[in-house]
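*Asks:* Got a structure here, written out as structure tokens. Questions coming.
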């Protein structure tokens, strides 16, 4: 059974178009607590949004232009028992692989690709 909720994707696209994206962890920089984890792409959050960790909704910025919604990555931290979503913008298949590999060290992930229109 295949269920597509176009309303969900439309709202996510609108959110990324109408809110500023703040890059607080640029590509190549180490994680603030886990220095061995180097960000493979720009990482930040959507301003004026909220996520389960109390910050904004997280965003990965890929190498494609334009920076349109590619998909969503669901993460589950097995130690903290915490789940979040990360929005992926302008990500190639290689970008997605690099992001998943970044989390493979500490989390379980599920990538949901945005359906083709």
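The values are calculated or read from the model by the stated rules, or taken from the named source; none is laboratory data. Given the structure is predicted, the values throughout are model-derived calculations rather than measurements. Ideal geometry is used to build each Cβ from the backbone, glycine not excepted, and the neighbour counts take in all protein chains shown.
*Asks:* Are any residues in segment 44-53 touching a strand residue (DSSP E or B) at 6+ places or on another chain (Cβ under 7 Å) and at pLDDT 90 or above, and if so, which ones? Step through it out loud before you land on a result.
*Replies:* Going through segment 44-53, the residues touching a strand residue (DSSP E or B) at 6+ places or on another chain (Cβ under 7 Å) turn out to be 44-47, 49, 51-53.
Result: 44, 45, 46, 47, 49.
*Asks:* Then there is this: Could you run through segment 73-86 and say how many residues are touching a strand residue (DSSP E or B) at 6+ places or on another chain (Cβ under 8 Å) and over 12 Å from residue 110 (Cβ atoms)? Lay out the reasoning, then the answer.
*Replies:* Kept after step one, since they are touching a strand residue (DSSP E or B) at 6+ places or on another chain (Cβ under 8 Å), are these residues of segment 73-86: 73-78, 82-86.
Those still in the list that are over 12 Å from residue 110 (Cβ atoms) too: 77-78, 82.
Looking only at that region, the number is 3.
*Asks:* Suppose we filter segment 99-117 for residues that are under 19 Å from residue 38 (Cα atoms) and under 12 Å from the mean Cα position of the chain (by Cα); how many remain?
*Replies:* The total comes to 5.
*Asks:* Looking at 64, 41, 89, can you tell me which residue is in contact (Cβ under 8 Å) with a residue 12 or more places away in the chain, touching a strand residue (DSSP E or B) at 6+ places or on another chain (Cβ under 8 Å) and exposed (fewer than 15 other Cβ atoms within 10 Å of the Cβ)?
*Replies:* Within the list 64, 41, 89, the selection yields 64.
*Asks:* Residues of segment 21-33 being modelled with pLDDT under 95 and surrounded by fewer than 11 Cβ atoms within 10 Å (Cβ to Cβ), which ones?
*Replies:* Listed by number, the residues that qualify are 32, 33.
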